Every structure is written in structure tokens, then in C-alpha cells.
Amino acid sequence: MMIPLVALIRKDLRLFLGDRRAVIMSFLAPILIGAFFGYVFGGNGKRETSRIEVLMVDQDGSAISRGILTDLQASKSLSVKPAELAAAREAVRKGTATVAVVVPKDFGAAAGKAFFQPVDKPEIGVLYDPSHSAEQNMVQGILTGSVMQIVSKEVFNGPTGSTVVTDSLAQIAASQKMKPEDKAPLQDLLKSVQKFNARPKTETSGGGQGGLSVPYQIREEAVTARTGQEYNAYAHSFGGMSIQFILFMGIDVGIGMLLMRQRGLWKRLRAAPLSRSLLLGSRAISAALTSMLILAVVFSAARLLFGVRIEGSLAGFVGVCLAFSIMTASFGLLVASLGKTPDATRGLSILATLVMLMLSGAWVPAFLFPQWMQSATMFIPTRWAMDGLDAMTWRGLGFSAALGPIGALLLSAAIFGAIAVSRFRWEAEG
């Protein structure tokens with residue numbers, strides 16, 4: 001029994017390696033696309049991230065608006081340039097700028113008053129490209145801190161602040177709506193600010209020289225396999241692209257079996273002294289070996305070219321790769337068992353594969369999914385494959401972290417295989 005099994009497996013592997021298109025798509029394509037996505041998402045941590053293009057329209061021309069522009073230009077995350085309103089709107093519409101910030105006329109005076117009084121707050125306009133909503137949220141966060149610091153600095157130290165405090169005291173004194181018990185504390189606060197503004201200014205003066213700012217700093221630390229080791233985005237992207245093209249290879253296996261059935265080859269093989277399990281098993285084993293070969297080549301290239309390391313358990317990494325290869329082989333059998341014609345089956349299989357890839361987190365980070373969708377991905381085998389490869393590469397986890405993905409992938413393989421064996425038709429329909 002072993003001699004015909006080995007012969008069938010050797011035949012499948014020879015056909016695969018002899019097909020130049022199959023080799024290029026299976027080896028070179030995941031390497032090139034994995035390199036592209038890895039570079040886009042940060043590479044090995046040495047590439048400087050690009051700044052967000054922001055235009056600022058200053059219709060106020062006050063010390064506060066000029067201070068906001070200067071502060072935003074100092075941000076390491078933004079590239080800020082002054083612009084006119086019409087030009088800024090057109091730039092955002094064309095996509096040449098991501099966000100435009102519009103500071104309206106009299107913003108400085110109104111913001112100073114709103115700092116102490118319950119009056120209508122002035123508005124800052126934010127024009128943004130809707131395809132870059134994440135960047136818009138980031139710009140708004142930076143803008144909030146900048147406006148708070150510059151407005152408070154001017155109120156406590158600048159000429160605008162003195163005018164605002166004087167006007168506010170007069171308005172509070174004349175107000176008929178405020179209760180006396182509310183007026184007194186607010187007047188005391190403003191008089192203290194007035195005294196603070198009237199003090200002699202020196203370079204060594206403390207207090208509010210810099211304005212109010214966020215009372216903390218963030219110390220960032222990327223938690224990877226080892227302390228101080230930067231995240232290598234190539235590890236995730238190469239895992240995702242390997243899974244994608246190996247699943248496409250699994251589809252080709254299934255389509256190939258449908259073509260063999262359509263041409264009557266299965267019927268002739270069954271006439272030979274070859275059992276049903278031997279024929280299907282040989283296809284499954286050859287597909288699994290091809291999958292392991294692709295993973296070995298792709299991750300070897302990732303190691304040599306982009307420094308991707310198996311920081312976790314080597315045995316766990318091999319186990320996840322083997323379990324995924326077995327799952328891919330059973331997926332190919334499932335395609336062959338459920339399909340009727342090669343052309344119709346190819347389209348449906350590619351659609352199913354693309355859905356599995358999207359839900360796996362290989363393309364889009366899973367945290368962007370709705371909560372119900374994140375829960376649903378736990379039933380998708382590609383999600384477990386991605387988690388397992390991440391755990392064994394850049395996360396640097398031990399063998400125990402591979403047991404869950406291995407179990408889920410082998411369970412999926414068993415389910416796919418059982419359905420395939422029970423539904424497989426050896427002869428073409430009518």
C-alpha cells in the first residue's frame with residue numbers, strides 16, 4: 001500500500017513544482033506582498049512613520065491662533081501649513097490634505113471668555129477626508145491639547161488675558177442671573193488672575209508661563225518577545241500572506257480533483273487496485289506537504305531578508321504550520337466534494353477564502369470589527385492560524401500558547417475531511 005501512496009504523492013509534488021505559475025504564485029507572491037504590507041505597517045521598527053498633512057486656516061489672526069499654529073507645527077505627528085479656506089477645502093476634497101483646521105474670527109477673545117464664564121464656546125472647524133477618519137480623530141486629540149495650553153497661557157500671561165479678566169469681572173458684577181454665592185468665588189478667582197497678570201515678568205517666573213497642559217507624560221513600551229525589542233511588522237504580514245496563498249493552493253487542489261472527475265480519471269484510477277482512502281489520502285498528504293514547503297520557503301525568506309525570527313517555541317511554530325497544512329488539505333478535499341463544475345466552484349471557493357482571510361485579521365486589524373464579529377471569528381480556522389503564527393514569532397510565547405490554535409485547526413480539518421469523504425463523488429454527474 002505504501003508504494004502506490006508514495007508514487008501518487010511524488011506525482012502530485014512533481015506536477016506542482018513543474019508548474020511555473022504555481023511555484024511563482026505559491027512562493028514569490030506571498031514574499032512580495034508580505035514585504036509590502038510589512039513595510040507599510042511599520043517594517044522592523046526602524047522606518048520613520050509619515051506625518052499627517054494638516055492645513056490651518058487662521059481667520060482670527062490673534063496671539064492665540066498664532067500660538068496654536070506654532071504649537072501644532074512643533075508636533076512630531078503632524079505636518080502643518082497655513083492656508084486660505086477655499087484652498088484648504090479644495091485640498092481636502094482632492095485628497096492632497098487629510099485635515100484642515102479652521103480658526104474663526106474672534107476665536108481668541110471668545111475662547112478666553114469661555115475659559116472663565118458659562119458662555120457659548122467658540123467653534124473650531126475641522127474639514128477632513130472621510131476616508132481618513134482615524135487620522136482626523138488623532139488630529140482632534142492633538143488640537144485639543146494645543147488649544148488648552150495656548151488659551152490658558154494667554155489668559156494667565158498675555159494682554160488678551162488682562163482684557164478678558166477685566167471684561168469678565170464687569171459682566172459678573174452686572175449680571176442679574178448669577179446668585180451672590182456664585183459671584184463671590186468667581187470674582188475672587190478672576191481678581192487673583194488679575195494680580196498674577198500684573199506681576200513683573202521675568203524669565204525665571206514660574207506658574208503659568210507655559211499655560212495649562214496635560215499633567216502627565218506617556219512612556220511608550222511595545223510589549224514583544226523581549227524587553228527593548230521592537231515590533232517587526234513583517235512577521236505578521238508574512239504569516240497573513242502565507243495563509244492567503246496556501247488557501248488558494250488548497251482551492252487549486254480541489255479544482256484539480258474536479259477536473260480529474262470531469263475527465264473520468266478518477267473512474268479509471270478506481271479500476272486499478274487502489275482504495276478510495278488511498279486516492280483521497282494521497283491528494284491530502286501531497287497538499288499538506290506542499291503547504292509546509294511554502295511556509296518553509298516564505299518564512300526562510302522573511303528571516304533572511306527582513307529579520308523575522310521565531311521568538312517563541314520552535315516546536316509550537318512547526319505544530320501550527322503542520323496543523324494549518326492539514327486543514328488546508330482537508331479544505332481542498334471539501335472544495336472538491338461540494339463542487340459540481342470547476343468554473344462555478346472556483347468563484348465560490350475564492351469568495352469563501354477571502355471572507356476567511358478578512359475575518360482572520362490578516363488584512364484588517366480585528367479590533368476594528370464590531371464586537372459580535374470579533375466573537376464570530378473564533379469559529380474561523382484562519383483566525384487561529386494567524387494567532388498561532390503571531391504567538392510563535394514576534395510575541396515569543398511558549399509551546400502552550402500553540403496548543404489552542406493547533407487544536408482548533410485540527411478540529412476544523414477533521415470536520416472538513418469528514419464532510420469531504422462522505423460527499424465525494426467519483427464520477428461526473430450526467
So, restricting to strands (runs of 3 or more DSSP E) that lie completely within the stretch 33-109, which ones have at least 3 residues that are assigned by TED's automatic domain parsing to the domain that holds P122 and buried (at least 19 other Cβ atoms within 10 Å of the Cβ)? 52-58, 99-103
Given the conditions (1) more than 18 Å from the chain's Cα centre (by Cα); (2) loosely packed, with under 13 Cβ neighbours inside 10 Å, and given that F331 satisfies all but one, which numbered condition is not satisfied? (2)
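Residue check: is M241 touching a Pro at 6+ places or on another chain (Cβ under 6 Å), assigned by TED's automatic domain parsing to the domain that holds A329 and either modelled with pLDDT of 75 or more or not hydroxyl-bearing (S, T, Y) (or both)?
Considered against the rule, which asks whether it is touching a Pro at 6+ places or on another chain (Cβ under 6 Å), assigned by TED's automatic domain parsing to the domain that holds A329 and either modelled with pLDDT of 75 or more or not hydroxyl-bearing (S, T, Y) (or both), M241 comes out as yes.
Quick check on the stretch 84-99: of everything there that is small (G, A, S) and farther than 21 Å from N137 by Cβ, which residue is farthest from the chain's Cα centre (by Cα)?
Kept after step one, since they are small (G, A, S), are these residues of the stretch 84-99: 86-88, 91, 95, 97.
Those left that are additionally farther than 21 Å from N137 by Cβ: 86-87.
Details: A86: 33, A87: 32 Å.
This residue is A86.
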Taking the stretch 261-302 as the region of interest, how many residues are assigned to a helix (DSSP H, G or I), surrounded by fewer than 16 Cβ atoms within 10 Å (Cβ to Cβ) and basic (K, R)? 4
Exactly one of F299, F331 is touching a Gly at 6+ places or on another chain (Cβ under 7 Å) and aromatic (F, W, Y), and that one is F331
Of all residues in the stretch 380-430 being acidic (D, E) and assigned to a loop (DSSP other than H, G, I, E, B), the one that is farthest from A296 (Cα to Cα): E429
Give P180, P200 a once-over and let me know the one that is at pLDDT 75 or above and more than 27 Å from T144 (Cβ to Cβ). P180
Quick check on my filter: what residues within the stretch 367-379 are buried (at least 16 other Cβ atoms within 10 Å of the Cβ) and in a helix (DSSP H, G or I)? T377
What number of residues within the stretch 380-424 are surrounded by fewer than 16 Cβ atoms within 10 Å (Cβ to Cβ) and closer than 20 Å to T328 by Cα? 10
Can you find a residue in the stretch 9-21 that is of a type in the set (A, V, I, L, M, F, W, C), surrounded by fewer than 18 Cβ atoms within 10 Å (Cβ to Cβ) and touching a helix residue (DSSP H, G or I) at 6+ places or on another chain (Cβ under 8 Å)? yes
Using beta carbons and a limit of 6 Å, which pairs, at least six apart or on different chains, have the first residue in the stretch 73-91 and modelled with pLDDT of 90 or more and the second one surrounded by fewer than 17 Cβ atoms within 10 Å (Cβ to Cβ)? L78/R51; S79/R51; V80/Q73
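Hey, any hits in the stretch 376-388 for a residue that's of a type in the set (D, E, K, R) and closer than 21 Å to S291 by Cα? Give the derivation first.
Here is the first cut: in the stretch 376-388, the ones of a type in the set (D, E, K, R) are 383, 387.
Still in the list and also closer than 21 Å to S291 by Cα: 383, 387.
Yes, because at least one residue in the stretch 376-388 is of a type in the set (D, E, K, R) and closer than 21 Å to S291 by Cα.
Does L354 satisfy the criteria of being in contact (Cβ under 8 Å) with a residue 24 or more places away in the chain and out of contact with any Cys (no Cβ under 6 Å at 6 or more places or on another chain)? Give the derivation first.
Details: in contact (Cβ under 8 Å) with a residue 24 or more places away in the chain: no; out of contact with any Cys (no Cβ under 6 Å at 6 or more places or on another chain): yes.
When the stated conditions are applied, L354 does not pass them.
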Considering (1) in contact (Cβ under 8 Å) with a residue 40 or more places away in the chain; (2) closer than 30 Å to R425 by Cα; (3) not charged (D, E, K, R), say which one G347 fails and leave the rest. (1)
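The values are calculated or read from the model by the stated rules, or taken from the named source; none is laboratory data. None of these values were measured; they are calculated from a predicted model. Ideal geometry is used to build each Cβ from the backbone, glycine not excepted, and the neighbour counts take in all protein chains shown.
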